Amino acid sequence: MSSTTIKNVTINWFGHASFMIKSEGLIIYIDPYAVPDKVDYDDQADIILITHEHYDHCSPEAIRRVRKSDSTTLIPQNCTLEFRGDARRIIEGDMLIGDLAIKGVGIEVVAAYNINKSSHPEGTGVGYIFEIGGLRIYHAGDTDFSPQMRDISVDVALLPIGGTYTMDEPEAADAAVAISPDVVIPMHYNYIDGIEGDAEMFKQLVQDKNPDIEVVILSASVK
């Protein structure tokens, strides 16, 4: 399966770090890179969240396919200069909540960076925590297991496991246990050559450490 529904929130994994999340008539895309060649209007984005500017997370062509209209909100605005609509500047630590919420979605901008690799130094990108349909969802972006993750409290965590540029399976399992969400979904593996991961290994590592965390393994819907 390529999607799962938790409460009334549907999480669809297209592949790599690309997700579509739907609830209550609202659609959020995260890091649209692996997206369908044609996107129906009913599946186009109200909000697009981009974790950083690398080509496999910020694809102007994919953004054009998923944007609904000039009413689509893009965060952050520096991902593409061709975007028409509501584009927002953000930095790590921003809290778009309360009166600042986007279309009723509270969004927190959190740290995402490498500790023992050079690909994503601090300041290169971010992760997001957002609340939709009564769920707090964390998309970690391209990151290692950082100290800041120990302060994250969410219902669902989307964590990279492919190593090379992000956490590998053991490190991601440690992050999952530290965050302790109800559900964790592995991402950022087995889509681009050289970024390989074993989701079943990740699942076993998590459940060995904390069997109360449900690990949901999705299949990429875009090849």
Set of lysines near K68 by C-alpha distance (under 16 Å), chain-local residues within fewer than 8 positions excluded:
K22, K38, K103
Mind listing the long-range amide H neighbours of T72? Cut-off is under 5 Å, sequence gap 5 or more, other chains count too, H placed in the peptide plane at 1.01 Å from N.
D86
Label points 7 Å out from Cα along the Cβ direction at T164 and K38: separation in nm?
3.1
For K209, the lysines lying under 28 Å Cα to Cα, once residues fewer than eight places off in the same chain are dropped, come out as K7, K117
Sorted largest first, the C-alpha extents of the range 136-223 along its principal axes in whole angstrom are 32, 23, 23
Going toward the positive end of the dipole of the range 3-215, with +1 on Lys and Arg Cβ and -1 on Asp and Glu Cβ, which of L74, I21, I213 do you reach last?
L74
Percent relative contact order of the chain, based on C-alpha pairs within less than 8 angstrom and at least six residues apart?
16
Rounded to whole Å and sorted largest first, list the principal axis extents of the Cα atoms in the range 102-141.
36, 15, 9
Helix 169-179 vs. the chain, principal-axis angle (Cα, 0 to 90°, nearest 10):
70
With -39,500 (n - 2.57) per DSSP H segment of 4 or more residues and division by the full residue count of the chain, the 222 nm estimate, nearest 500 deg cm²/dmol, is -4000 deg cm²/dmol
Between beta-carbons, use under 13 Å as the cut-off and find the net charge around K38, counting Lys and Arg +1, Asp and Glu -1.
-3
On average over all directions, what projected area in square nanometres does the chain have, based on the convex hull of its Cα atoms?
11.0
Which percentage, to the nearest 5, of the DSSP beta bridges contained in the chain is antiparallel?
60
What are the residues whose amide H is under 5 Å from the amide H of E196, where those residues sit 5 or more places off or on another chain and H is modelled from the backbone?
N190
Vicinal HN-Hα couplings computed from phi for the range 132-141 (Karplus, 6.51 cos²θ - 1.76 cosθ + 1.60; Hz; Gly/Pro x)
8, x, x, 10, 9, 10, 10, 9, 6, x
Would you mind checking the tilt of helix 199-209 against the longest principal axis of the Cα atoms of the chain, expressed as 0 to 90 degrees and rounded to 10?
60
Protection proxy (average C-beta count within 10 Å per residue), highest first, orders 163-172, 143-152, 41-50, 96-105 as 163-172, 41-50, 143-152, 96-105
For the range 52-182, report the convex hull volume of the alpha-carbon atoms normalised per residue, in Å³, without decimals.
115
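Coordinate-derived values only; no laboratory data. Being a predicted model, the structure only gives us computed values, none of them experimental. Please note: Cβ atoms are built from the backbone with ideal geometry, for glycine as well, and neighbour counts cover all protein chains shown.
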